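Where a number appears in this text, it was derived from the coordinates with a stated rule and is not lab data. In this text the structure is predicted, and so the values were computed from the model without any measurement. Cβ sites come from the backbone with ideal geometry, for glycine too, and all protein chains shown count toward neighbours.
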Amino acid sequence: MVYSTCSIEPEENEMVVERFLKENPGFTLEKAEKVLPSIAEQYVKIFPPRDGCDGSFAARIRRRGEYD
């Protein structure tokens, strides 16, 4: 599952993902580098000044035990 927003605010991004994972221990966060090797972070973050486009965020979450 991918959680994605058109926001750079932590309250709408990381904090939502962290709360979901805390409330749903059967799920885990996959590092972004697993899908996009050039990104060595847990999340995909697009910043307007750095990336020259609107800000956005994405996190890949999967059910534990799937694809292990």
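Things to note:
- HN-Hα J in Hz across segment 18-28 - Karplus 6.51, -1.76, 1.60, θ = phi - 60°, x for Gly and Pro: 4, 5, 4, 5, 5, 7, 10, x, x, 10, 9
- Reachable aspartates and glutamates, given that their alpha-carbon falls under 20 Å from the alpha-carbon of LYS45 and they are not under 8 places away in the same chain: GLU9, GLU11, GLU12, GLU14, GLU18, GLU30, GLU33, ASP54
- Looking at segment 1-40, the trypsin sites (Lys or Arg not before Pro) that sit in a DSSP loop and have at most 15 other Cβ atoms within 10 Å of their own Cβ are LYS31.
- Candidate aspartates and glutamates - alpha carbon under 12 Å from LYS31, same-chain residues fewer than 8 apart omitted: GLU41
- When only alpha carbons of the chain are considered, Rg and Dmax amount to 12.5, 38 Å.
- The chain: GluC sites (Glu not before Pro) in DSSP loop, at most 14 other beta carbons within 10 Å: GLU41, GLU66
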